[in-house]
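Notes follow once the structure below has been shown.
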Amino acid sequence: MWQAGVGCPMRDNETGSIAGRGVQRIHCEQSPRWIRVMFGGQVVADSKQVMLLLENGHLPVYYFPLEDVRMDLLIPTDKRTHCPYKGDAVYWTVQVKENVSRNAAWAYPQPIPEVVGIKDYIAFYWDKMGAWFEEDEEVYVHARDPYRRVDALRSSRRVRVVIAGETVAESSRPTLLFETGLPTRYYIPKVDVQMDLLVPSETTSRCPYKGLSHYYSIKVGEKLLKDIAWYYPYPVPECPRIENLVCFYNERVDELYVDGKQQEKPQTPWS
């Protein structure tokens, strides 16, 4: 089973949604990154001149200049949508031989003045394409936001996780992960976790900022909580400190204590 990445909110419309990023509703800027999109074994778009669209409440989206898109692989469709912040969108199906992804690309031929920078540019649904590359590194789930920070800091705070009255993890050497717009996550060494209570899960998820995670369910007495904890066996090079540490959902454990103080449960998509 695969699910959306931990700390990477799930898509709910054309570009996905996350917590708001501030007062400005929408912003478009040229990205310095070389971006490539593949589908059906072919490079569909390849550009060093992409525009990055940042919209309050949405995930970042790459827009490619028309001249950097394989338009011979795109088939116009009848689909049309309207966005009050960008204008009227038209769509294409992407087809490479027998591989077809319907309404997988869109553009705003006459965008509103605030985003005129995306005129004559095309965007693609991330999950309808086969692979994405920023420079020569494959990126998963969605484009990385250059204004989002992920900091993993070693700490001597004392963290205790309680489920069904049982202390399932307790440590004074956690690594605290601070990610813009999300609750603090507490990554705990396995030697400080009651691993005999954890049941390996087949669930995995990807995060563009941290990598591929694996999950544990936990059984305490007759109570089974599915996919309540996770770890990154091989995190991305930018986030090495959380390697093989176990993290529990703050939202779903019964009690979480930090330095002896019980933490309030945050409200997130995983609550």
| task | Answer yes if at least one residue in the range 183-195 is over 17 Å from D151 (Cα atoms) and either aromatic (F, W, Y) or touching a Gly at 6+ places or on another chain (Cβ under 6 Å) (or both), and no otherwise. | result | no
| field | the range 195-211, residues that are in contact with a strand residue (DSSP E or B) (Cβ under 8 Å, 6 or more places away or on another chain) and open to solvent by less than 20 Å² (accessible area, probe 1.4 Å) | value | L198, T203, S205, C207, K210, G211
| query | Only one residue in V161, V236, V253 is in a strand (DSSP E or B) and open to solvent by less than 40 Å² (accessible area, probe 1.4 Å), so which one is that? | reply | V161
| request: From (1) surrounded by fewer than 17 Cβ atoms within 10 Å (Cβ to Cβ); (2) under 30 Å from Y62 (Cβ atoms); (3) not β-branched (V, I, T), pick out the condition that doesn't hold for Y215. | output: (1)
| query | Given the structure, is K261 open to solvent by 40 Å² or more (accessible area, probe 1.4 Å) and modelled with pLDDT of 95 or more? | reply | no
| request: Among residues belonging to the range 185-194 that are touching a residue at least 12 places away in the same chain (Cβ under 8 Å) and surrounded by fewer than 18 Cβ atoms within 10 Å (Cβ to Cβ), point out the one that is farthest from Y231 (Cα to Cα). | output: Q194
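How about the range 121-145: which of its residues are assigned to a loop (DSSP other than H, G, I, E, B), in contact (Cβ under 8 Å) with a residue 60 or more places away in the chain and within 13 Å of I35 (Cβ to Cβ)?
M129, E135, V139, H142, A143, R144
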| query | Residue check, V115 against (1) open to solvent by less than 20 Å² (accessible area, probe 1.4 Å); (2) touching a helix residue (DSSP H, G or I) at 6+ places or on another chain (Cβ under 9 Å), all met but one. Which one? | reply | (2)
| message | If I go through the range 105-120 residue by residue, how many of them are part of a helix (DSSP H, G or I) and closer than 16 Å to L52 by Cβ? | response | 5
| request: Scan the range 81-92 and give yes if some residue there is at pLDDT below 90, in contact with a Ser or Thr (Cβ under 6 Å, 6 or more places away or on another chain) and not small (G, A, S), otherwise no. | output: no
| Among the listed residues R173, R102, which satisfies the condition of being open to solvent by 30 Å² or more (accessible area, probe 1.4 Å), in contact (Cβ under 8 Å) with a residue 24 or more places away in the chain and either within 20 Å of V253 (Cα to Cα) or not in a loop (DSSP other than H, G, I, E, B) (or both)? | R102
| task | Say whether the condition of being part of a strand (DSSP E or B), open to solvent by 30 Å² or more (accessible area, probe 1.4 Å), at pLDDT 95 or above and more than 22 Å from S205 (Cβ to Cβ) is met by at least one residue in the range 45-64. | result | yes
| field | Selected residue (only one of A143, A123 is touching a strand residue (DSSP E or B) at 6+ places or on another chain (Cβ under 6 Å), modelled with pLDDT of 95 or more and either open to solvent by 20 Å² or more (accessible area, probe 1.4 Å) or hydrophobic (A, V, I, L, M, F, W, C) (or both)) | value | A123
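The values are calculated or read from the model by the stated rules, or taken from the named source; none is laboratory data. Here the structure is a predicted model, which is why all the values come from computation and not from measurement. So basically every Cβ, Gly included, is an ideal-geometry build from the backbone, and we count neighbours across all protein chains shown. Just the protein is used for accessible areas: all its heavy atoms, side chains included, with ligands, DNA and RNA removed. Shrake-Rupley method; radii C 1.70, N 1.55, O 1.52, S 1.80 Å.
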